[in-house]
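Below: one structure, written as structure tokens.
The values are calculated or read from the model by the stated rules, or taken from the named source; none is laboratory data. As the structure is a prediction and not an experimental result, all values here were calculated from the model. A quick note on method: Cβ atoms are made from the backbone with ideal geometry, for glycine too, and the neighbour counts reach across all protein chains shown.
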Amino acid sequence: MDLLWLLFLIGLAFLPPVREAHKQIILVAIGVLQLLEGWLITQLPTRGRSYAVLLKIFLAMLLISHTGELGINSSYYPIFYLPVVTAAIYFDAWGTLFWTLLASAAYCSYLFPAMQVYDLEPGAIAELAIRILFFFLAAMVVNRFATENRRQTRRYQILAEQLAKTNRELERAQADARRSERLAALGQLSAGLAHEIRNPLGIIKGSAEMLTQRVQSSEPLAAELAGYISTEVNRLSALVTRFLDFARPTRLETRACSVPEIVDRALRAVAANWSGPEIHVQRRYETRLPDAALDENLCEQVFVNLVQNAYDAMGETGGTLRISIAAASRRDRRGVEVRVLDSGPGISLELREQIFNPFFTTKKTGVGLGLSIVSKIIDEHRGSIEICDGGPAGDGLAGGKSGACFVVFVPLAEQAVIPEPHVASRA
Ligand SMILES: Nc1ncnc2c1ncn2[C@@H]1O[C@H](COP(=O)(O)OP(=O)(O)OP(=O)(O)O)[C@@H](O)[C@H]1O
Ligand SMILES: [Mg+2]
């Protein structure tokens, strides 16, 4: 492109007046400016375009003043198309009009010296008007194409960005799918292993108990050792059962259920097994709550785990457990929200990232599968579980110290069949 420009300028240099040194110098200056225009604009992104147009108007004025006895009569007047077209490429319609007006005024300024010598005839005025109108015509036509071109470029840019983003997401999804496949295979393998371990464990446990009974009085040491075997086997078998709960593929048997009833059952189950300091339970259930589509047994497990964790967290000093149940909606889906808020030490920000990972526990006798099971069951119900920044003000329950707060959302019964994207978020 640049070469073509230069060729046309060289062509002009060989046309009369050939021996006019100023004309040749101005043509060289125009060529240099044309070559450096891109650089100028990158160096001065805000003003570079205006400078380029201004310089071209200035050079065009110089050229016509050195190529005719009277500048206004110079055959080189089309050189003004140069600033006009440049402005049309870089500016919007109003900017183009402004610069074309300025270029036309610069050209017309040569009328004054001419009028000192000649009279202005109507034919000359018409000729001048035709030249100027052609400047505007060219400017607007070029500007229209340039604007359209800019719009298309922007559209392609946006499309390219979207495509790149989709590609990245696809790659991430593929990587996730590969990892899930590997994990699923590992899960199946370990679930099989855990299942096989359970039967021998039962036999060891039974034998240890029989042994304890037989040698109870005659051999106290053997009885004590058999007691250890029994306790440890109990622990191992609880771990295996918990692991199987987590690893076993679950088949949901959903039906419309009352969430408060399930929560109450879970509360009773945990309280019945609790032997630590006193825990007060405050309930705040919204009246006339709609039913949610749930697998009753699995959801009871969810709340048993959450409530058990809350009890454990308040295990040293006792405290208050606050449960609130209310209608809520997430991403245009209506459902029921259960908040479980305790007055224990809470969960630090660093731990929040990890507590849903399998086998993460901070408890001496914990397995670290409770919240993984919870999250898996909630995922399968297309619900969500989040750790909230709960507090007395936040949940509207009576005052007291606030510890950890979990919010479980489950969708309503009539929406259970809607094939929504899977949502299970953890804060
Ligand atoms: N209400 C809570 N307050 C403070 N920390 C909590 C609370 N709930 C969970 N956590 C933290 O999250 C960890 C993981 O909980 P999770 O229920 O998965 O396992 P766990 O309770 O340790 O063992 P288990 O498998 O027997 O439930 C806990 O060890 C505890 O550190
Ligand atoms: Mg737990």
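Just a few scattered comments:
- Any helices (runs of 4 or more DSSP H) falling wholly within region 258-364 and containing at least 2 residues that are within 16 Å of ligand 2 (Cβ to nearest atom) and more than 34 Å from the chain's Cα centre (by Cα): 259-272, 296-313
- Selection within region 107-125 - surrounded by fewer than 17 Cβ atoms within 10 Å (Cβ to Cβ) and within 30 Å of T147 (Cβ to Cβ): C108, S109
- Candidate set: region 9-22, residues that are of a type in the set (A, V, I, L, M, F, W, C) and surrounded by 11 or more Cβ atoms within 10 Å (Cβ to Cβ); chosen: the one farthest from S75 (Cα to Cα): I10
- Every condition in (1) part of a loop (DSSP other than H, G, I, E, B); (2) in contact with a Phe, Trp or Tyr (Cβ under 7 Å, 6 or more places away or on another chain); (3) without any contact (Cβ under 8 Å) to a residue 60 or more places away in the chain is met by S375 except one, and the failing one is (1).
- Filter result for the condition that a residue is surrounded by fewer than 22 Cβ atoms within 10 Å (Cβ to Cβ), among the aliphatic types (A, V, I, L, M), assigned by TED's automatic domain parsing to the domain that holds A266 and at pLDDT 85 or above, over L371, L397, L349: L349
- For region 222-240, the set of residues classified as surrounded by 15 or more Cβ atoms within 10 Å (Cβ to Cβ) and among the hydroxyl-bearing types (S, T, Y) consists of S230, S237, listed by residue number.
- Every residue from region 358-368 that is of a type outside the set (A, V, I, L, M, F, W, C) and either surrounded by 13 or more Cβ atoms within 10 Å (Cβ to Cβ) or within 8 Å of ligand 1 (Cβ to nearest atom) (or both): P358, T361, T362, K363, T365, G366, G368
- Against the criterion of being under 19 Å from C257 (Cα atoms), among the aliphatic types (A, V, I, L, M), in a helix (DSSP H, G or I) and modelled with pLDDT of 90 or more, I385 does not qualify.
So that you can scan it fast, the table gives a plain yes or no per residue for (1) under 30 Å from A184 (Cβ atoms); (2) within 15 Å of ligand 1 (Cβ to nearest atom); (3) surrounded by 21 or more Cβ atoms within 10 Å (Cβ to Cβ):
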residue: I262; (1), (2), (3): yes, no, yes
residue: A266; (1), (2), (3): yes, yes, yes
residue: W274; (1), (2), (3): no, yes, no
residue: L294; (1), (2), (3): yes, no, yes
residue: G318; (1), (2), (3): no, yes, no
residue: R322; (1), (2), (3): no, yes, yes
residue: R334; (1), (2), (3): no, no, no
residue: S343; (1), (2), (3): no, yes, yes
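- Test: residue in region 130-147 that is surrounded by 12 or more Cβ atoms within 10 Å (Cβ to Cβ), free of Cβ contacts under 8 Å to residues at least 60 places away in the same chain and among the charged types (D, E, K, R): yes
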